[in-house]
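One structure is given here, and the rest of the page talks about it.
The values are calculated or read from the model by the stated rules, or taken from the named source; none is laboratory data. Fair warning: this is a prediction, and the values are worked out from it, not measured in the lab. Neighbour counts are summed over all protein chains in view; Cβ atoms, including those assigned to glycine, are modelled from backbone coordinates with ideal geometry.
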Ligand code: SF4
Ligand code: SF4
């Protein structure tokens with residue numbers, strides 16, 4: 001006789017790799033202090049909150065005094081299956097074909113970050129769809145080995161994501177996974193129903209999602225400890241920007257920028273060919289943006305490029321809202337929090 005007991009489904013949190021971090025030591029890779037937040041201070045130079053002993057850490061170890069980024073976008077593949085009108089990918093076919101970052105180059109960049117004790121976010125996207133990369137689990141495995149303190153993140157459009165893959169990604173160490181469910185038309189308003197429809201199709205309807213209003217629109221959120229999954233329905237016109245002028249098909253946000261930008265101080269963006277860019281808005285294959293490539297990591301080290309004259313020049317100018325070195329910034333409304341705050345935990 002079949003059992004009438006229904007099995008209780010539980011999220012696969014036991015399979016999630018946990019990386020406990022002390023709430024009192026935001027850069028605990030460098031600091032073992034157990035002083036409370038009330039006794040910590042925020043560095044005006046690096047924006048990092050810590051005890052006085054480590055106030056100006058971590059900086060690059062070449063004596064430049066330049067702080068490590070706290071977010072690295074390492075685009076390990078080329079292809080995206082979509083051509084969204086609010087993305088430079090929608091302007092041409094540059095991202096139709098797949099091409100993976102050369103493994104030796106990937107190993108070189110991650111190895112250098114690992115040797116520095118990098119403990120910030122490490123995402124494998126920019127203008128690619130990272131889950132179309134057949135090597136994604138090998139890359140996560142490698143990151144777990146050489147960058148044990150880093151926090152892997154995945155940003156995906158969700159088209160190929162299903163429950164088994166999501167569970168496997170979390171088990172492989174992903175600490176933040178964002179699914180952005182783009183509409184077909186920019187004017188389409190975000191709705192929880194469309195997010196729930198995707199969750200059902202992905203086999204994720206049973207996850208105990210919490211509905212939340214987020215900066216980009218609406219979201220379903222699942223969180224266990226420091227591991228978080230967000231499924232976001234964006235309000236495109238209100239929340240997206242013209243990517244340094246590369247988006248021309250839609251009336252995206254563009255107005256004279258008068259606020260400083262901290263992106264060049266806090267975030268490093270590297271494309272699938274190993275080009276370090278001024279920021280994630282740069283689409284280096286377009287002539288107008290070619291000048292914003294800082295250098296080629298197949299030839300130079302990350303430290304050389306991140307602390308070099310061009311990047312340092314942008315950093316200093318952007319901190320005072322001076323766009324004379326980077327006209328692409330003049331109308332940038334990039335709303336990422338990284339551009340608006342110095343502090344890592346504000
Ligand atoms: S916005 Fe994302 S999904 Fe859309 S084309 Fe750009 S990279 Fe691809
Ligand atoms: S202002 Fe915009 S384009 Fe310029 S560095 Fe900041 S995010 Fe990039």
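Taking into account only those residues within segment 316-346 that are within 19 Å of the chain's Cα centre (by Cα) and within 11 Å of ligand 2 (Cβ to nearest atom), which is modelled with the lowest pLDDT?
Across segment 316-346, the extreme among qualifying residues is 340.
For (1) at pLDDT 85 or above; (2) surrounded by 13 or more Cβ atoms within 10 Å (Cβ to Cβ), each residue gets a yes or a no:
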| site | (1), (2) |
| --- | --- |
| 32 | no, no |
| 50 | no, yes |
| 57 | no, yes |
| 65 | yes, no |
| 87 | yes, yes |
| 99 | yes, no |
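Residues in segment 207-249 that are over 20 Å from residue 190 (Cα atoms) and without any contact (Cβ under 8 Å) to a residue 40 or more places away in the chain: how many?
Adding up the residues that qualify gives 1.
Taking the residues in segment 287-303 that are part of a helix (DSSP H, G or I) and touching a residue at least 12 places away in the same chain (Cβ under 8 Å) as candidates, determine which candidate is farthest from ligand 1 (Cβ to nearest atom).
303
Could you list all residues from segment 129-147 that are in a loop (DSSP other than H, G, I, E, B), more than 16 Å from ligand 1 (Cβ to nearest atom) and crowded, with 22+ Cβ neighbours inside 10 Å?
Within segment 129-147, 147 is the sole residue that qualifies.
In segment 263-286, which residues are away from ligand 1 (no atom under 16 Å from the Cβ) and not in a loop (DSSP other than H, G, I, E, B)?
263, 264, 265, 266, 267, 268, 275, 276
Given the criteria buried (at least 21 other Cβ atoms within 10 Å of the Cβ), modelled with pLDDT of 95 or more and closer than 24 Å to residue 84 by Cα, does residue 236 qualify?
Judged against the criteria, residue 236 is not a match.
Could you list all residues from segment 304-313 that are touching a residue at least 24 places away in the same chain (Cβ under 8 Å) and assigned to a loop (DSSP other than H, G, I, E, B)?
Listed by number, the list holds a single entry, 307.
Can you pull out the residues in segment 150-170 that are part of a loop (DSSP other than H, G, I, E, B), more than 15 Å from ligand 1 (Cβ to nearest atom) and surrounded by fewer than 17 Cβ atoms within 10 Å (Cβ to Cβ)?
162
Exactly one of (1) within 30 Å of residue 196 (Cβ to Cβ); (2) at pLDDT 95 or above; (3) within 21 Å of the chain's Cα centre (by Cα) is unmet by residue 241. Its number?
Tallying (1) within 30 Å of residue 196 (Cβ to Cβ); (2) at pLDDT 95 or above; (3) within 21 Å of the chain's Cα centre (by Cα), residue 241 fails exactly one: (2).
Within segment 105-128, track down each residue that is surrounded by fewer than 20 Cβ atoms within 10 Å (Cβ to Cβ) and either part of a strand (DSSP E or B) or within 16 Å of ligand 2 (Cβ to nearest atom) (or both).
121, the sole residue that qualifies.
Residue 160 is checked against (1) touching a strand residue (DSSP E or B) at 6+ places or on another chain (Cβ under 8 Å); (2) closer than 21 Å to residue 173 by Cα and fails just one. What number does that condition carry?
(1)
Being modelled with pLDDT of 95 or more and in a strand (DSSP E or B) is the filter here, so list the residues in segment 174-216 that pass it.
Selection gives 176, 177, 178, 179, 180, 210, 211, 212, 213.
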